[in-house]
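These notes are about the structure you will find just below.
The values are calculated or read from the model by the stated rules, or taken from the named source; none is laboratory data. Remember, predicted model here, so these are calculated numbers, not experimental data. Ideal geometry is used to build each Cβ from the backbone, glycine not excepted, and the neighbour counts take in all protein chains shown.
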Amino acid sequence: MRCLMCEKRKEESDHFFDYFYEKDPLCYECRKKWIRCKKKRKMDTHLIHSSWIYNEAYAECLIQYKECFDEALQDVFLFPVKNTLKRKYWNRTVILLPSSNEKIEKRGFHHLEKMYSSLGLPMINPFIKKENVDQKGKGSKGREEIQNVILLKENISFPKRVLIVDDVMTTGSTLRACLRWIPKECDIQIYVNSMSVKEYELP
Ligand SMILES: [Zn+2]
């Protein structure tokens, strides 16, 4: 099997990791560039759990998946933590954060739906992002605007125990905009697979 990032054959590797984790879509050399995230981030009353720091290697992979439409990478992101997440969140329904319709159409798939499908948990996609608002590089005004473009689809009922997921957390504004739609009675856990270095370094 070839590593999905560097295309090296894992069978030809000198490292035991490549034999031990033969099903990992990345090779040892590529995987070791990903750095585990050891902190939890607090947002309002919620704790945000994360597995990786959003560094260059992670970003390269995510861009290849999301912006270059490389669907084959869908299992790369959760592979090393999949079983831990399955055990921790076994009784929850996954809630996907929204992507604009324009982006989903361009990509041909909802990147989070594919990414989190390996957990085998029930999943809902209750939000609509009205237009393509890219938060990066926007000031506080841009982040306020996002509140107005995240809407709830019609006839959505939220299960009692939910797990909100995303691929990377930067400003958290999309997450915050979605949280205001979720009923107070819900038991909410939040998991973002990676956290930006800036957010990670916050006290
Ligand atoms: Zn590799």
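How many residues does the range 175-203 hold that are in a helix (DSSP H, G or I) and modelled with pLDDT under 90? Full working, then the answer.
Quick first cut of the range 175-203, residues in a helix (DSSP H, G or I) only: 175-179, 197-200.
Going one step further and asking which of them are modelled with pLDDT under 90, we end up with 197-200.
Looking only at that region, the number is 4.
Which ones in the range 171-184 are in contact with a helix residue (DSSP H, G or I) (Cβ under 8 Å, 6 or more places away or on another chain) and under 19 Å from His110 (Cβ atoms)?
Residues satisfying the conditions are Thr174, Ala177.
When you scan the range 6-28, how many residues do you find that are within 12 Å of the ligand (Cβ to nearest atom) and without any contact (Cβ under 8 Å) to a residue 24 or more places away in the chain?
Final tally of qualifying residues: 10.
Would you mind telling me which numbered condition in (1) within 13 Å of the ligand (Cβ to nearest atom); (2) without any contact (Cβ under 8 Å) to a residue 40 or more places away in the chain Leu73 fails?
(2)
In the range 64-88, what residues are assigned to a loop (DSSP other than H, G, I, E, B) and either over 15 Å from the mean Cα position of the chain (by Cα) or not aromatic (Phe, Trp, Tyr) (or both)?
Scanning the range 64-88 gives Glu67, Cys68, Phe69, Asp70, Val76, Leu78.
Could you count how many residues in the range 39-63 are touching a residue at least 12 places away in the same chain (Cβ under 8 Å), not small (Gly, Ala, Ser) and not in a helix (DSSP H, G or I)?
Residues flagged as touching a residue at least 12 places away in the same chain (Cβ under 8 Å), not small (Gly, Ala, Ser) and not in a helix (DSSP H, G or I) within the range 39-63 amount to 12.
Name the one entry in Cys3, Cys37 that is more than 16 Å from the ligand (Cβ to nearest atom) and either touching a Phe, Trp or Tyr at 6+ places or on another chain (Cβ under 8 Å) or of a type outside the set (Val, Ile, Thr) (or both). Working first, answer last.
On the way: Cys3 fails: more than 16 Å from the ligand (Cβ to nearest atom).
Among Cys3, Cys37, only Cys37 is more than 16 Å from the ligand (Cβ to nearest atom) and either touching a Phe, Trp or Tyr at 6+ places or on another chain (Cβ under 8 Å) or of a type outside the set (Val, Ile, Thr) (or both).
Kindly check whether there is at least one residue in the range 18-38 that is assigned to a strand (DSSP E or B) and surrounded by 12 or more Cβ atoms within 10 Å (Cβ to Cβ). Please lay out each step first, then the result.
The first filter runs over the range 18-38 and keeps only residues assigned to a strand (DSSP E or B), leaving 36.
Subsequent filtering for residues that are surrounded by 12 or more Cβ atoms within 10 Å (Cβ to Cβ) retains none.
No.
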